[in-house]
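Take a look at the structure below.
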Amino acid sequence: MKLGARILKTGIAIILALFLSELFHLPAPIFAGIAAIFAVQPTIYRSYLSIVEQIQGNAIGALIAVIFVLLFGNDVFIIGLAAIIVITINLKLKIENTIGLSLVTLIAIMETPGDTFLQFALIRFSTIMLGVLSAFIVNLVFLPPKYENKLYFKISNSTEEITKWIRLNIRHASEHKLLKNDIDKMKESNVKLDQLYLMYKEERNYFKRNDQVKSRKLVIYRQMISTVKRSLETLKKLHRYENDLQQMPEEFQHAVQQQLDILIHYHEHVMLKFIGKVRPNVVFEEGDFSLSRKELVNLFLAQQKGYEHDEESILPHIMQVVSAIVDYDEHVEHLDKLISSFQAYHKEENEVSIPENSE
């Protein structure tokens, strides 16, 4: 298990919450520490949204606690009933993320009523909010998350894994069951790509002049993810219809292999161009054998003439393979155009620094 930034921030937020509680001589500082655990978020923007919701949720918990103690006391059944009401109100207001901390506030206030109950309730509420504030401060100033590098590295890693399997599959060198298991893992990895993209999208710029650059990068990263998904779809079709493809004429199989080799090389070239490892003005050389998308489709259509009636059942399957390749090619080409345009207009911001072994 890796010791990530969020784990460190959680620990520091707890330390800060407990320290401030001791500094202000607040009773039961443990509640501030608990609140800090609930309030740590993966991005600054989510931390801001969280503190707004936590204020609402804790205010609800404190208010219900005060009302119930003043009217009904603090019997265990009364506390349980109050908890149900707090949960219901949070759900109605669509701030269900604050339910846990709202209940902590409720129990913390209702546990010890007395002559100075209202003052006690205010102190407990303040203690918990101090923990929430501590988590927000830590997330804002200490180890602010940098999701762009993580996103690019994850996309690059997924691209490398998928293209490796495509190369093996079109040469009939892959183990069928092993590849099936890896395809399932790659699907899960693509879900994480969408999550990282959302995290990067939520990162806020401190200077307005960076907003346009960020907006264009978001378009590029979205296209990168879409292209990775198309490459995985191509791999899935190749894997599913591997036996059908082997029944096609060797000339056609060779053409598909050559096209995929060129396409994979093109995809890798574009990814490296984005981080400045390939000069923007370099033109991709496609080699001696290359077909346009239209020529590849026409080559497939030409295969129908040489097939007997009982063999035509494999053609719809091969058509799906060709369609996936064409779609993948279109996405890589569009990604190349987006990156070229970005680098032409934002020459000073077009490099992404990828640290070694970062994830």
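The values are calculated or read from the model by the stated rules, or taken from the named source; none is laboratory data. Not measured: the values here are computed from a predicted model. Backbone-built Cβ (ideal geometry, glycine too); neighbour counts: all protein chains shown. Side chains included, ligands, DNA and RNA excluded: accessible areas come from the protein's heavy atoms. Shrake-Rupley method; radii C 1.70, N 1.55, O 1.52, S 1.80 Å.
What the table below lists for this structure:
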| quantity | calculated |
| --- | --- |
| Pairs from 150/177; 154/277; 154/187; 192/217; 146/277; 236/337 whose Cα-Cα separation, in the structure shown, is over 24 Å | 150/177; 236/337 |
| Rounded, prolate or oblate (a/c below 1.5 giving rounded, otherwise prolate when a/b exceeds b/c) for region 147-344 by Cα gyration tensor | prolate |
| Gaussian network model of the chain, Cα within-10 Å springs - most flexible of 17, 324, 59 | 59 |
| Share of carbon and sulfur in the accessible heavy-atom surface of region 5-141 [1.4 Å probe, %] | 74 |
| Contact order relative to length of the chain, as percent, for alpha carbon pairs under 8 angstrom and 6 or more apart | 19 |
| Formal net charge of residues neighbouring residue 56 (Cβ-Cβ distance under 14 Å; K, R +1; D, E -1) | 0 |
| For region 38-54, 3J(HN,Hα) per residue [Karplus equation, 6.51 cos²θ - 1.76 cosθ + 1.60, θ = phi - 60°, Hz, x = Gly/Pro] | 5, 8, 5, 10, x, 10, 5, 4, 5, 5, 5, 4, 5, 5, 5, 5, 5 |
| Residue-span extension gain [residue 6 to residue 220] - 0.36 nm each, minus C-alpha spacing | 74.4 nm |
| Ranked by how many other beta carbons lie within 10 Å on average, peptides 258-265, 218-225, 169-176 from highest | 258-265, 218-225, 169-176 |
| Accessible surface of region 199-273, 1.4 Å probe, proportion on carbon and sulfur as whole % | 45 |
| Whole-Hz ³J(HN,Hα) from phi, Karplus 6.51 cos²θ - 1.76 cosθ + 1.60, for region 232-248, glycine and proline x | 5, 5, 4, 4, 4, 5, 4, 5, 5, 10, 4, 5, 5, 5, 5, 7, 6 |
| Cα→Cβ-extended label distance, 7 Å offset, between residue 185 and residue 168, nm | 1.0 |
| FRET efficiency, residue 291 to residue 45 (Cβ-Cβ, R0 56 Å, nearest 0.05) | 0.75 |
| Note, ³J(HN,Hα) from phi for region 92-101, Karplus 6.51, -1.76, 1.60, rounded to Hz, x at Gly and Pro | 5, 7, 6, 10, 5, 5, 9, 4, x, 6 |
| For region 1-158: accessible area per residue (Å², 1.4 Å) | 51 |
| Local net charge near residue 322, Cβ-Cβ under 15 Å (Lys/Arg +1, Asp/Glu -1) | -2 |
| Förster radius 51 Å - calculated FRET efficiency between residue 194 and residue 116 (Cβ-Cβ, nearest 0.05) | 0.50 |
| Whether region 5-141 is rounded, prolate or oblate, judged on the alpha carbon gyration tensor where a/c under 1.5 counts as rounded | oblate |
| Tensor-based shape of region 5-64 (alpha-carbon gyration tensor, a/c under 1.5 rounded, otherwise prolate or oblate) | oblate |
| Gain on full stretching of the segment that runs from residue 301 to residue 253 - 0.36 nm per residue minus C-alpha separation | 15.9 nm |
| Matching label, Rg/Rh (Cα atoms, Kirkwood Rh) computed from the structure shown, candidates [x] 1.13; [y] 1.17; [z] 0.95 | [y] |
